[in-house]
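This is the structure I have questions about; it appears just below.
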Amino acid sequence: MSKPSFLVGLIGQGIQASLTPAMHEREGDAQGLRYMYKNLDLDPMGVGPEALPDLLLAAQRLGFAGLNVTHPCKQLVIPLLDGLSPDARALGAVNTVVLRDGKRRGENTDWWGFAEAFRRNMLGARLDRVVQLGAGGAGAAVAHALLTMGVRQLTIQDMDAGRAAQLAESLSARAGAGRAVACADLGAAMAEADGLVHCTPTGMAGHPGLPLPQAMLHPALWVADIVYFPLETELIRVSKALGCRTLHGGHMAVFQAVEAFRLFTGTAPDAERMLRHFASMLEQ
């Protein structure tokens with residue numbers, strides 16, 4: 001019997017270095033599938049997001065099982081879809097499109113990726129008061145995850161105070177009044193916090209350093225970072241040295257891919273195997 005086959009892809013700009021295709025294909029091989037993951041980078045094609053309608057139609061006609069979608073297409077793809085999952089609708093962003101029976105369904109696995117990573121690695125962590133740094137697209141998904149996980153009050157800090165206020169208002173409208181608030185005094189919020197989640201570019205290879213004063217960190221905190229290159233950011237390194245429980249960004253990156261793989265194939269992947277493969281690619 002021939003192996004089940006799946007053709008999927010990633011649409012975005014500047015994605016040539018993405019580890020997602022290799023991660024998916026390696027797991028497909030391990031599952032005994034014929035699994036091909038195409039990198040559909042808009043830049044080498046010489047087109048912009050205006051090409052999305054043509055790319056989606058072409059993917060359907062070529063028999064793609066689905067597409068991952070990244071910057072700058074996560075919002076722009078929504079009007080081109082036939083339906084949205086409740087989470088994608090709540091977030092106003094899609095990172096996974098399932099193509100099945102002539103229909104296009106938008107999903108968001110970013111929030112699930114963080115929630116599942118946290119569930120597996122931070123058992124027993126207190127969730128009364130949490131501070132989140134960053135209110136951009138990734139921050140919105142993580143904030144949704146935190147409130148879904150049961151955080152009682154989420155304080156959101158962003159360089160753009162208006163953006164933090166807008167996200168907090170949107171979250172509270174869905175999750176309950178006062179569940180999310182814009183940060184007025186970061187030092188005071190950190191002193192009372194059970195946990196810290198970092199959702200800005202600080203700590204990436206091109207943006208080294210800490211996203212907040214080191215003096216605000218204390219051993220009673222748990223600390224989660226969504227930056228994964230490097231896996232041990234300055235924030236994770238310093239927090240570990242203080243005795244904090246930590247969660248590096250590779251977990252979210254892998255678990256969003258875990259859920260996308262399941263949505264595309266109907267097969268549950270081996271998350272620990274995918275995590276090991278992901279870590280090995282970062283070391284190369």
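The values are calculated or read from the model by the stated rules, or taken from the named source; none is laboratory data. As the structure is a computational prediction, the values presented were derived from the model and not from experiment. Glycine gets a Cβ as well: all are built from the backbone with ideal geometry, and neighbour counts include every protein chain shown. The accessibility values were calculated without ligands, DNA or RNA, using every heavy atom of the protein model including side chains. Shrake-Rupley method; radii C 1.70, N 1.55, O 1.52, S 1.80 Å.
Filter the range 239-271 for residues that are out of contact with any Lys or Arg (no Cβ under 9 Å at 6 or more places or on another chain), open to solvent by 10 Å² or more (accessible area, probe 1.4 Å), outside any loop (DSSP other than H, G, I, E, B) and more than 30 Å from residue 103 (Cβ to Cβ) and give the result.
Residues satisfying the conditions are 240, 241, 242, 245.
Here's a follow-up. Looking at the range 146-165, which of its residues are surrounded by fewer than 23 Cβ atoms within 10 Å (Cβ to Cβ) and small (Gly, Ala, Ser)?
Passing the criteria: 150, 161, 162, 165.
Residues being modelled with pLDDT of 95 or more and in contact with a strand residue (DSSP E or B) (Cβ under 7 Å, 6 or more places away or on another chain): count how many of those fall in the range 200-225.
7
Here's a follow-up. Can you name every one of the strands (runs of 3 or more DSSP E) wholly within the range 30-136 that holds 3 or more residues which are open to solvent by 20 Å² or more (accessible area, probe 1.4 Å)?
Values: elements: 34-41, 66-69, 96-100, 103-107, 129-133.
In the range 30-136, the matching strands (runs of 3 or more DSSP E) lie at 34-41, 103-107.
Using the structure shown, decide if residue 194 is of a type in the set (Asp, Glu) and in contact with a Phe, Trp or Tyr (Cβ under 8 Å, 6 or more places away or on another chain).
Details: of a type in the set (Asp, Glu): yes; in contact with a Phe, Trp or Tyr (Cβ under 8 Å, 6 or more places away or on another chain): yes.
Against the criterion (of a type in the set (Asp, Glu) and in contact with a Phe, Trp or Tyr (Cβ under 8 Å, 6 or more places away or on another chain)), residue 194 qualifies.
While we're looking at this one, here's another question. Where in the range 179-230 are there strands (runs of 3 or more DSSP E), lying wholly inside it, with at least 3 residues that are without any contact (Cβ under 8 Å) to a residue 60 or more places away in the chain?
Working: elements: 180-182, 195-198, 222-225.
Result: 180-182.
Residues that are out of contact with any helix residue (DSSP H, G or I) (no Cβ under 8 Å at 6 or more places or on another chain), at positive phi and not β-branched (Val, Ile, Thr): does the range 171-178 have at least one? Break it down stepwise before answering.
Pass one, the range 171-178, residues out of contact with any helix residue (DSSP H, G or I) (no Cβ under 8 Å at 6 or more places or on another chain): 172-173, 176-177.
Checking the rest, the ones that are also at positive phi come to 176.
The next check asks that each one be not β-branched (Val, Ile, Thr); those that pass are 176.
Yes: one or more hits.
I'm checking my understanding of the structure. Among residues of the range 1-26 that are over 19 Å from residue 63 (Cβ atoms) and over 19 Å from the mean Cα position of the chain (by Cα), which one is least open to solvent (accessible area, probe 1.4 Å)? Spell out the reasoning first.
First, the residues of the range 1-26 that are over 19 Å from residue 63 (Cβ atoms): 1, 12-20, 22-23, 26.
Then drop every residue that is not over 19 Å from the mean Cα position of the chain (by Cα), which leaves 1, 26.
On the way: 1: 234, 26: 134 Å².
Once the filter is applied, the top-ranked residue is 26.
Those residues that are more than 21 Å from the chain's Cα centre (by Cα) and either in a helix (DSSP H, G or I) or without any contact (Cβ under 8 Å) to a residue 24 or more places away in the chain (or both), I need them from the range 149-164; list them, please.
The answer is 161, 162.
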